Structures are given as structure tokens and as C-alpha cells.
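Q: Dumping the structure here so I can ask a few things about it.
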Amino acid sequence: MDVKEITAVNNRVLDVDLTSGEISVIQVSEEDRRLYLGGKGLALKLVFDRIKPEVDPLGPENLLAVMSGPAAGTPAPAGGRFCVVSKSPLTGIFASSFVGGRFGLSLKKAGFDGILVRGKAPKPVMICVDDGEAVIEEAGENWGMDTYEFQEKNKARGDWLAAGPAGENLVRYAVLLSGRRVAGRCGMGAVMGSKNLKGISAKGSAKIRPADPVLFKKAVQVAQKKVKAHEITGKRLRELGTPQNVNTYGTTAIMPVRNYSRASFEKREEICAETLRDRHFLKNHGCVGCPIQCSRTGNFNGQELVSPEYETICLMGSNLLIGDLVKIAGFNDRLNRLGMDTISCGNTLGFAMELTEKGLLDSGLSFGDAEAVDAILDDIAFRRGLGNDLAEGVRSMARKYGGEDFAIHVKGLEMAAYDPRGCVGQGLGYATANAGASHLSGSTHAVEVESYLNAHDNKGKAEFVQFMQDLTDAVNSAIFCIQTEYPFLEQNPIYQYTPKPVLSFFMQTFPGLAVGTTDLSDYCNLLAGLFGRKIKRRQFYEIGERIFNLERLMNVREGVSKKDDTLPKRILNEVREDNAPPIQLEVMLAKYYRLRGWDKEGKPGKKVLKRLGIQA
Ligand code: SF4
């Protein structure tokens, strides 16, 4: 096959059966491409068409789908990320995880938009893809290596997507790394480990061109200008990265503190972005092909390490009452090497600390004790002693030791670092996100904390949660980084020239109209250039709505219903020192179901499925 020049979508997906060793190619149909776009949507559809309900997430019948997006390898801003979709061993339902390492781009340049892995190899192996060809090789001594060491040793094979020891040992929140970038949530590393697969490499030499280069160039110029001009993507993310949220959310009772029991952290300034920049910053880095480069490395006690992101600073810091950036950066480095999610791990440790404090567990862990945390990370990854229980996550720990009142998870996924008592729409988002308490499934915390919507009441929340969830699924299928939602939605005349109180009044009073008229032209224009056909606003939005509903349907097949669309008891029932009013989840939820066209049990109705072209 000649892979010297390919269009933005190749419609070829590698299909690797590790049980039989067979390798073939799936041809993606034009219909699926039109309805599901790429990235998350297409990965989910591939899985839906091939997986039976109720398979064991760690069994050979589970599928691991990795998919790049149409924008990868082109100058579209922040378009180089890729996604991993599977049934999660942490939650038992479907999930997606996104990452911006070079693997997705290299796979595409090798002639494949994605790869579907099924079965289980008889002994540890690696899959190596090189310009249109793929082989399965024994992993040998690579099995057991940490993610950094493994990728460095095997870099001649190309760019990697790799599991660490945590994935090999089936830690339910194990991650996958591509370079130093992490597909962090829902245990994709454990799925890879369960297949006896250490990693997948890709090397490719094709050039990727958009279908309509003239149209695409014009769209890219407009989009890049907006990315540069927006305060967040053009300045703050580059200068402060995601830790910019520490001060914003630490002063609005959103940052998690002491296993989500407090509204503020006295050492917040010790762990904020400004301190990180002033004491530790070395250089920016980030995802392939992104002009923003929102991540950074820093000098921590003489070592150059990847700087922790906002989520890690909170979950491994304020949530454990650890106010020391050097310690947090050390945890981050260790967790990345072992291949474990910092959000789930921090939540699980916070829960274990509170269990211990209340006499329900004898762990030696206590709030503020960084040394004890340091000592237990390897035990979790290798499932030694108490580490074996901690490797199962919060929901499983609560089943064994009790403490349901303060177990912070939704549908088994530990909560990201936005306490909904400070932004109630985010609570509805967590309760209804397909993956569980994920911040990457259409978050509203930003519009709430920016006061476009009142953070503490229900007005407009159902409409905006639905809109952000559907939009984000479309964006995650294109794939553009979700940070592009700031410039593409806000860097336009309406946002720039309308006084904020007027905008806020409009959004809260006419939320349906506000979401229905939000400018999505940059996404549509970029995709039109990539595909060489016009994509209307309604079509683009509907793709997201279709993907969200398909995933819901897949989860309903696994037993998910209204009983699961809830929040942790602590979040619903406990009032913190800021005296924020309780979240009226039921009220928001009823409206949300109506808007979605779901029945009272949260099942997508026939009418909505028919409109979206989903075959149940
Ligand atoms: S903004 Fe950050 S997370 Fe998004 S693509 Fe760029 S570097 Fe990656």
C-alpha cells in the first residue's frame, strides 16, 4: 500500500486479535464516518457493533479501541490528540480517555485511523505498526518496566501507547502513556494489561492533507487567530497551565479539600499556579501539534519533572491536606511511571485516610502525611498488602470497609477536582456523564464560576449540561482539544461586545435559545476543509448528541438507570463551612431527562433514537 500521501481520514482501522494472532483491517463505512465523525464517536461505534453486553472488562471479550481524529496531522489548532475507548474495569460501563502524545499521529501516518484490540495474548506481547504493516512481538523483559523506561528503551520502534506496572497488575484505575502524555481515566491501562499487552508502537511516513486545502487554510487562519486572541488559550494556559484553576476554584469552594469535606485549604497559595511558575517553571510542553502547549516541566529539588496539572495538585494535594508542590510533583512522576490515574488514586487515598480516622480501617495513612503516601504508591501498583484493596478504587473500598457517606464517586468513577457544591450544574454533569464523575464530558464549571450562570441555582443548568455534553462529544470526535471551546465559542462579536450582565441574563432566562444560537462555525469550517464537504451547525451538534445517546444506550444495556444518575451522599447531604445551599439534583435531573427525550428511568426513548439514527 502506498502511504505517501493520505487524506485527513483514511477509513482504515487495524483489527488485532491477540488470542489468535490474526491481524486484519476494518474498512470504516462512509455512513459511520458521516454519523460518528472519528475519534470517540467512531471508536464507540466500532465497539458497540462488536461487543456483547455484560462482558468482563478484564476478560478477553472486552475491546480496546484507539482512534485518532480527522484533524490529527494537520495545522488545525490543538487537533493532534487521540482517544481510547473500552468498557472500564473501574466502573463496569463504557468510557473514553484522551491523550495528546505522538502515537495517534504516527498511527495515522502509518495508514490507520485507529486500532481495535481484542482477545488476550498467551504471554506478554507488544504490537508494532510500521508504515502499513503490523506485527505482534513478545514483550520479554519489557514486561514490568515503568512507562518512561519502556518507551525510552524501545523508541526506535516509533511512538508508543504503553501501560506501566499498574496496568500489568490490573489496577482498576491504571492509565496509558504516550510519551509523557496520559490517557488518564477509567482504567484503560488495566484493559491493556488484561490482554497481556505492554504497548503499541507506530511509525509512519505519510503526509496528511485536507480534502479541500483552500477552504481548510482559511478556516485554520481564523481559528488560530482566535486561539491566540483569547485570554485563556492565548495567555493564561501558556503562562500558568491548568493549575491556574487552583486560585480560581480554591477561592470559590470548588477545589476539593480533605476528602471533599472542606470548602477551603489554608495552604492553597503554596500549591497555586503562580507559586509553581515562580519557584519551579522550566519550560512549556504539551500535545503534538498544539500551539497552546499548556503543560510544563519544572525543577523540583534539582530534578526536571513534568509539572502536576490542576487535577493532580488537588487530588494528591489539597484533598490529602498536602500543601507541598515538591511532594506533589514527586507523586505525579511516580504515578506516571507506574501508570496510575492521579485523580482516582488521590480520591482513594483520601477515602482511606478518612476510613482510618474513623476507625474503619487500619492503614497508617493520615491527612497531611506525605511520607505515608509516598510509601504506598508502589504497593498499589504491585497490589501488595493494603495496596491490593486500594487498587480497586473508592467504590470497592466502601463495599469492603464501609464509609458510603463519604465515598466520593459517581458510577464507580472517582470525582474530578470540581466540588459541585460550588457549581451545581457541574453536579448534574457528573451525575449524568456516561463515564461517571468525569470533568471531560461537558463541564459547566467554567460558565458557572465566570458567573454567566449562577453557580448556586438551577436556572439554565439542564440546558447547558446537555449542550456541553453533546458539544464535547462532537469536539472529542473531531478531535480538537476541549480547550478550544473557549476561543471558538467566546471569541466572537456577541461575547466580546455584549456586557456580561446582559449575556448572563440572556443565558439564564432563555437557556434553550442561548445554547441553540452558540457559534460553532469554527468547528464546522475546519471540518468542512478536512472532509471537503459542508458541515452545518446542526449536523455537527447532532453528531455529539448521537454519540452521547449511543453511549447511554450501551450503559443502559449494562444496567445503568436513574438510580445511578446521582451524586455522593457527602456532596448531596453535607453542608461545609461556606454554608452553600444544597444541590437540587432531582429537579435538574427531571428537566434534563425531558430535554434529552429519555423516559423517567433515564432510558433514551424510541423517538430520539430514531431521529439520531441509532439502532437499539
Ligand atoms: S491545550 Fe494543552 S491539553 Fe489541549 S491540546 Fe494543547 S497542550 Fe494538549
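The values are calculated or read from the model by the stated rules, or taken from the named source; none is laboratory data. These numbers were taken from a predicted model, which means no experiment stands behind them. Positions of Cβ are backbone-derived with ideal geometry, glycine not excepted, and every protein chain shown enters the neighbour counts.
Q: State whether one or more residues within region 195-214 are modelled with pLDDT of 95 or more, in a helix (DSSP H, G or I) and closer than 30 Å to Pro420 by Cβ.
A: no
Q: Out of all the residues in region 580-602, which are among the aliphatic types (A, V, I, L, M), assigned to a helix (DSSP H, G or I) and touching a helix residue (DSSP H, G or I) at 6+ places or on another chain (Cβ under 8 Å)?
A: Residues satisfying the conditions are Leu585, Met588, Leu589, Leu595.
Q: Only one of these is more than 24 Å from the chain's Cα centre (by Cα), in the same structural domain as Cys186 (by TED's automatic domain parsing) and closer than 19 Å to Val117 by Cα: Lys40, Lys45, Lys52. Name it.
A: Among Lys40, Lys45, Lys52, only Lys52 is more than 24 Å from the chain's Cα centre (by Cα), in the same structural domain as Cys186 (by TED's automatic domain parsing) and closer than 19 Å to Val117 by Cα.
Q: When Pro124 is evaluated against the numbered criteria (1) in contact with an Asp or Glu (Cβ under 9 Å, 6 or more places away or on another chain); (2) buried (at least 24 other Cβ atoms within 10 Å of the Cβ), which criterion, by number, is the only one it fails?
A: (2) is the only condition that Pro124 fails.
Q: Looking only at region 281-303, filter to residues that are near the ligand (Cβ under 8 Å from one of its atoms) and of a type in the set (S, T, N, Q); which one of those is farthest from Arg81 (Cα to Cα)?
A: This residue is Ser295.
Q: Right, next: Going by what's in this entry, would Val306 be described as of a type in the set (Val, Ile, Thr), within 17 Å of Ser178 (Cα to Cα) and either within 18 Å of the chain's Cα centre (by Cα) or more than 16 Å from the ligand (Cβ to nearest atom) (or both)?
A: Spelling it out, it is not the case that Val306 is of a type in the set (Val, Ile, Thr), within 17 Å of Ser178 (Cα to Cα) and either within 18 Å of the chain's Cα centre (by Cα) or more than 16 Å from the ligand (Cβ to nearest atom) (or both).
Q: Same structure again: Can you find a residue in region 272-280 that is surrounded by 18 or more Cβ atoms within 10 Å (Cβ to Cβ), within 16 Å of the ligand (Cβ to nearest atom), within 18 Å of Ala329 (Cβ to Cβ) and assigned by TED's automatic domain parsing to the domain that holds Phe406?
A: Within region 272-280 (the criterion being surrounded by 18 or more Cβ atoms within 10 Å (Cβ to Cβ), within 16 Å of the ligand (Cβ to nearest atom), within 18 Å of Ala329 (Cβ to Cβ) and assigned by TED's automatic domain parsing to the domain that holds Phe406), the answer is yes, since at least one residue qualifies.
Q: Is there any pair linking a residue in region 163-182 that is part of a strand (DSSP E or B) to one that is among the hydroxyl-bearing types (Ser, Thr, Tyr) and buried (at least 24 other Cβ atoms within 10 Å of the Cβ), with Cβ under 7 Å and at least six apart or on different chains, and which?
A: Hits for this filter: Leu177/Thr147.
Q: Quick check: is even one residue across region 587-610 in contact with a Lys or Arg (Cβ under 9 Å, 6 or more places away or on another chain), surrounded by 12 or more Cβ atoms within 10 Å (Cβ to Cβ) and under 21 Å from Phe406 (Cβ atoms)?
A: There is no residue in region 587-610 that is in contact with a Lys or Arg (Cβ under 9 Å, 6 or more places away or on another chain), surrounded by 12 or more Cβ atoms within 10 Å (Cβ to Cβ) and under 21 Å from Phe406 (Cβ atoms).
Q: Right, next: Looking at Thr566 and the list (1) among the β-branched types (Val, Ile, Thr); (2) surrounded by 13 or more Cβ atoms within 10 Å (Cβ to Cβ); (3) more than 15 Å from Ala433 (Cα to Cα), which single condition is not satisfied?
A: Going through (1) among the β-branched types (Val, Ile, Thr); (2) surrounded by 13 or more Cβ atoms within 10 Å (Cβ to Cβ); (3) more than 15 Å from Ala433 (Cα to Cα) one by one, Thr566 breaks only (3).
Q: Another one. Using the structure shown, decide if Ser205 is in contact with a Cys (Cβ under 8 Å, 6 or more places away or on another chain) and either farther than 30 Å from Glu414 by Cβ or without any contact (Cβ under 8 Å) to a residue 60 or more places away in the chain (or both).
A: Considered against the rule, which asks whether it is in contact with a Cys (Cβ under 8 Å, 6 or more places away or on another chain) and either farther than 30 Å from Glu414 by Cβ or without any contact (Cβ under 8 Å) to a residue 60 or more places away in the chain (or both), Ser205 comes out as no.
Q: How about region 503-579: which helices (runs of 4 or more DSSP H) wholly inside it have at least 2 residues that are closer than 23 Å to Val447 by Cα and charged (D, E, K, R)?
A: Fully inside region 503-579 and qualifying: 537-557.
Q: Of all residues in region 239-286, count the ones that are without any contact (Cβ under 8 Å) to a residue 24 or more places away in the chain and closer than 30 Å to His409 by Cα.
A: 2
Q: Now for a separate question. Tell me whether region 236-249 contains one or more residues that are surrounded by fewer than 17 Cβ atoms within 10 Å (Cβ to Cβ), away from the ligand (no atom under 16 Å from the Cβ) and among the hydroxyl-bearing types (Ser, Thr, Tyr).
A: no
Q: Being among the small types (Gly, Ala, Ser) and crowded, with 24+ Cβ neighbours inside 10 Å is the filter here; which residues of region 152-181 pass it?
A: Within region 152-181, Ala162, Ala163, Gly164, Ala166, Gly167, Ala174, Ser178 meet the criteria.
Q: Another question, then. For region 74-99, enumerate the residues that are under 28 Å from Glu5 (Cβ atoms) and polar (S, T, N, Q).
A: Listed by number, the list holds a single entry, Thr74.
Q: Which condition number does Ala223 fail, the rest of (1) in contact (Cβ under 8 Å) with a residue 60 or more places away in the chain; (2) more than 21 Å from Leu527 (Cα to Cα); (3) surrounded by 22 or more Cβ atoms within 10 Å (Cβ to Cβ); (4) within 16 Å of the ligand (Cβ to nearest atom) being met?
A: (2)
Q: Going through Gln466, Gln496 one at a time, which residue ends up being more than 16 Å from the ligand (Cβ to nearest atom), crowded, with 23+ Cβ neighbours inside 10 Å and assigned to a helix (DSSP H, G or I)?
A: Gln466
Q: What residue, of Gly346, Gly317, is closer than 29 Å to Gly199 by Cα, away from the ligand (no atom under 15 Å from the Cβ) and under 22 Å from the mean Cα position of the chain (by Cα)?
A: Step by step, each of Gly346, Gly317 is checked, and only Gly346 is closer than 29 Å to Gly199 by Cα, away from the ligand (no atom under 15 Å from the Cβ) and under 22 Å from the mean Cα position of the chain (by Cα).
Q: Which of the residues spanning region 73-106 are in a loop (DSSP other than H, G, I, E, B), more than 16 Å from the ligand (Cβ to nearest atom) and more than 14 Å from the chain's Cα centre (by Cα)?
A: Matches in region 73-106: Pro89, Leu90, Thr91, Gly92, Ile93.
Q: Going residue by residue through region 287-301, is there one that turns out to be part of a loop (DSSP other than H, G, I, E, B), among the aliphatic types (A, V, I, L, M), touching a residue at least 40 places away in the same chain (Cβ under 8 Å) and not assigned by TED's automatic domain parsing to the domain that holds Gly101?
A: Looking for residues that are part of a loop (DSSP other than H, G, I, E, B), among the aliphatic types (A, V, I, L, M), touching a residue at least 40 places away in the same chain (Cβ under 8 Å) and not assigned by TED's automatic domain parsing to the domain that holds Gly101, one finds at least one in region 287-301, hence yes.
Q: Hey, can you tell me all the residues within region 46-72 that are touching a Ser or Thr at 6+ places or on another chain (Cβ under 8 Å) and assigned to a loop (DSSP other than H, G, I, E, B)?
A: Result: Pro57, Leu58, Gly59, Pro60, Asn62, Leu63, Gly69.
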